[in-house]
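The values are calculated or read from the model by the stated rules, or taken from the named source; none is laboratory data. These numbers come from a predicted model, not from an experiment. FYI the Cβ positions are ideal-geometry reconstructions off the backbone, even for glycines, and counts take in every protein chain you see. Only protein heavy atoms, including side chains, enter the accessible area calculation; ligands, DNA and RNA are left aside. Shrake-Rupley method; radii C 1.70, N 1.55, O 1.52, S 1.80 Å.
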Amino acid sequence: MRGLLARRMKFHLLGAFLVSLGSAALYKFAVAEPRKRAYAEFYKYYDPVKDFEAMKAAGVLESAPPK
């Protein structure tokens, strides 16, 4: 029974490290990268002036009343 805790600790420490590394990689490639691509695609064609004019015409902005 000597060294049982040390052996088990090494095994569990290695396992925890591998699981955390796998989780981080899974999050990066399953969530973060698609989100970055979606934002880049949105802002590629986004026209803030056109959006402002649409909000102004709809009466959403108090500081810029509709015409």
Margin query: Looking only at residues that are of a type in the set (A, V, I, L, M) and open to solvent by 90 Å² or more (accessible area, probe 1.4 Å) in segment 6-26, which one is nearest to the chain's Cα centre (by Cα)?
Written below: 26
Notebook entry, point to check: Which members of segment 27-46 meet the condition of being of a type in the set (Phe, Trp, Tyr) and open to solvent by less than 90 Å² (accessible area, probe 1.4 Å)?
Noted result: 46
Next item on the list: Quick one: residue 1 ticks every box in (1) touching a Lys or Arg at 6+ places or on another chain (Cβ under 8 Å); (2) surrounded by fewer than 10 Cβ atoms within 10 Å (Cβ to Cβ) except a single one, so which number is it?
Entry: (1)
